[in-house]
Amino acid sequence: MPLTSSMIDALPRLEGIRLACSMHLEVKMVPTLEGLLRRGAKLFLTTCNPQTVDDRVVDWLASRGAQAQAWRGMSEEDRDVAIRKAFEWAPTHLCEMGADITAALLGGSGNPLSIQAGLEATGSGTSRLEGLKVPYPIFNWDDVPLKEGLHNRYMVGLVACHAFFERTHLTFHGKRVVIVGFGLVGRGACEAARAYGGTVAVVEKDATRAVEAQFAGWPVVSLEQGLRQADIVITATGARHVIGEKHLSLLRDGVFLVNVGHTAEEIDVPALRACPHEEVLPLVEEFRVGNRSIYLFAMGSMANLTAGHGDSVNAFDITAAVLVAGIGFLVTRAAAFSPGLHLLPREAWEPVATARAARG
Ligand SMILES: NC(=O)c1ccc[n+]([C@@H]2O[C@H](COP(=O)([O-])OP(=O)(O)OC[C@H]3O[C@@H](n4cnc5c(N)ncnc54)[C@H](O)[C@@H]3O)[C@@H](O)[C@H]2O)c1
């Protein structure tokens, strides 16, 4: 990951920096996290999603000096403990995907005094932070064009569809695919679903986005219409229980439910689990709802990371380089900003764009 390495080399020394991270701990994070350790930072690692943890990555980073409290499939209770340990460790800075540490701190579980600044990488986390009085500057790098315009837009849907194909041995040819949510992730999912053979329709609750979907040439349908016709439903909203218990009766026999949104709660998985079910293939569960079968892919957790390998290494190099540049900004410039949520300024990440563009 040459861009990431060059951004690591451009960082100042990081002795005295205690960075608590709640993130996807998969193999492509290693160059970033190992690089930060090499520059002298202390790291505390936990996960924003127990289903995406690669235990080998955690073990490797622990062997390089990181403190880690994360393992694949850890329970919600264990994760709560890990989040508490993260702030008991007295971090100076945060690097979050989903704002769990900040939300727990501000919920009264700990003292945020040691924290100087933080980074937030997800739309879900940013929405959560908007409702909180965060006493330190925290920088949203999800909405940076170089991140959302590439990763959200091009990678998530593509890799999720690829993972679906790899795991189920099914493509979408001859299938009706309904994408719920037409943000950048949903747009990429539409194109990927069509590339994998699907006939695509969009469900979007925001009228402006719905019109954008129409202008892009996608049929827009109501959720009820979409669910009645879908062979595959892909949720990409950042909202909870978009497909709830009340929707199960609308679904066709044999439908697959796939989620690419940040949390595993876009689909009401507990409502499904109340029905008889079995795992029919790794990461494919069949639920019997009345006389119909409903298939849940990757436990309703982010399909691209839980069932696939996440972004390609070449694409993720850019995202990771933006993250590293963001950490450089946190430790050198963030003190000049007021407490609360800010968009990561262009000056922080533009060197990554310039370096990538220069490579041709
Ligand atoms: N899987 C990944 O690796 C990955 C990567 C980036 C972002 N994400 C997540 O994907 C989700 C979407 O990201 P985005 O950048 O496209 O966000 P976004 O907020 O721009 O788009 C979400 C869209 O969903 C719509 N929506 C919300 N609730 C809905 C509902 N009940 N019915 C229909 N439409 C609804 C919203 O109006 C919005 O247009 C977020 O949770 C984000 O954190 C996942």
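Where a number appears in this text, it was derived from the coordinates with a stated rule and is not lab data. Since this is a predicted model, take the numbers as computed values, not measurements. Positions of Cβ are backbone-derived with ideal geometry, glycine not excepted, and every protein chain shown enters the neighbour counts.
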Cβ under 12 Å from residue 262's Cβ, residue 262 left aside: what net charge do those residues give with Lys, Arg +1 and Asp, Glu -1? -4
Alpha carbons only, please: Rg and Dmax for the range 246-360, in angstrom. 21.1, 61
Expected max-MSF residue from 183, 40, 328 in the GNM of the chain (alpha carbon, under 10 Å) is 40
Using Cα positions and a limit of under 24 Å, work out the lysines in reach of residue 133, with same-chain residues fewer than 8 apart set aside. 85
With runs of 4+ DSSP H residues as the only contributors, calculate the mean residue ellipticity of the chain at 222 nm using -39,500 (n - 2.57) per run, divided by the residue total and rounded to the nearest 500. -11000 deg cm²/dmol
May I ask for the equivalent-ellipsoid semi-axes of the chain, computed as the square root of five times each C-alpha gyration tensor eigenvalue and listed largest first in whole Å? 35, 22, 19
Measuring from the lowest to the highest alpha carbon on each principal axis, how far does the range 154-306 reach, largest first, in angstroms? 42, 31, 28
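For the range 154-306, what relative contact order do you get, as a whole percent, if you take Cα pairs closer than 8 Å and at least 6 residues apart? If you can, show how the numbers build up before the last one.
Details: 344 pairs, mean separation 33.6, N = 153.
Rounded, it is 22 percent for the range 154-306.
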Compute the signed sum of charges (Lys and Arg +1, Asp and Glu -1) over the other residues within less than 11 Å, Cβ to Cβ, of residue 356. -1
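Could you work out the local net charge near residue 98, counting Lys and Arg as +1, Asp and Glu as -1, over the other residues with Cβ closer than 10 Å to its Cβ?
Details: positive: 128; negative: 96, 100, 120.
Local net charge: -2.
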